[in-house]
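What follows is one structure encoded as structure tokens, with my remarks underneath.
The values are calculated or read from the model by the stated rules, or taken from the named source; none is laboratory data. If you're wondering where the values come from, they're calculated on a predicted model, not measured in any experiment. In case anyone asks, the SASA skips ligands and DNA or RNA and just uses the protein heavy atoms, side chains included. Shrake-Rupley method; radii C 1.70, N 1.55, O 1.52, S 1.80 Å.
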Amino acid sequence: MANRVHDGDVESKVLPLSGMRLQWRGSDRCFRVTHPQPGGAIVTEAGQDELLWRPWSGAADMAVGVSGPINAHAPGRWWVVWGEYVGDPVAVTLTDGATPEVRTVGGLWVSEWSGTEQTAVVTTPAQRTEVRFAPPSFLPPPLTTLGEESSCWVHVETPATFRPTRTFAAVHGA
């Protein structure tokens with residue numbers, strides 16, 4: 001279970017596998033998602049600067065996929081998808097049929113799991129998207145076994161845009 005903390009107006013959740021931190025500030029409906037570095041440090045290019053807060057659009061039209069190593073002494077990777085939460089149920093289904101838990105923090109939903117790379121299908125009652133975790137071409141692929149001397153990418157944000165479910169079904173003959 002992720003740690004959830006309320007600090008005045010800010011609701012904060014740290015995910016157990018990835019160490020990612022999702023924060024929601026209710027007073028102005030802004031959020032931020034900070035990513036861990038190896039060793040658990042949080043990447044904040046601007047420190048705790050206000051620039052890291054993003055306004056919540058309320059559109060729920062995109063899911064973001066992120067990945068990174070579990071830790072330097074254990075093989076495997078963590079995988080996270082997240083997006084804006086508008087109150088509709090959100091489900092995540094992996095290629096192997098697994099359905100990792102979806103949690104909310106303020107105006108965000110998030111799902112986290114570990115294992116091998118596979119596509120995550122995110123659905124709401126009216127929308128669907130596939131999130132693939134492909135690294136950009138300028139980065140090497142992730143290593144399957146990590147050691148202290150390994151260098152690999154920590155995370156790659158892969159945004160995926162939702163499509164109406166009726167459009168998806170019509171295109172695929174369902």
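The table below lists the values:
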item	result
Linear extension gain, GLU130 paired with ALA91, 0.36 nm per residue minus alpha-carbon span	12.9 nm
By accessible area with a 1.4 Å probe, ligands and nucleic acids excluded, highest first: order of ARG29, ARG54	ARG29, ARG54
Length-normalised contact order for the stretch 80-121 - Cα pairs under 8 Å, 6+ apart - percent	47
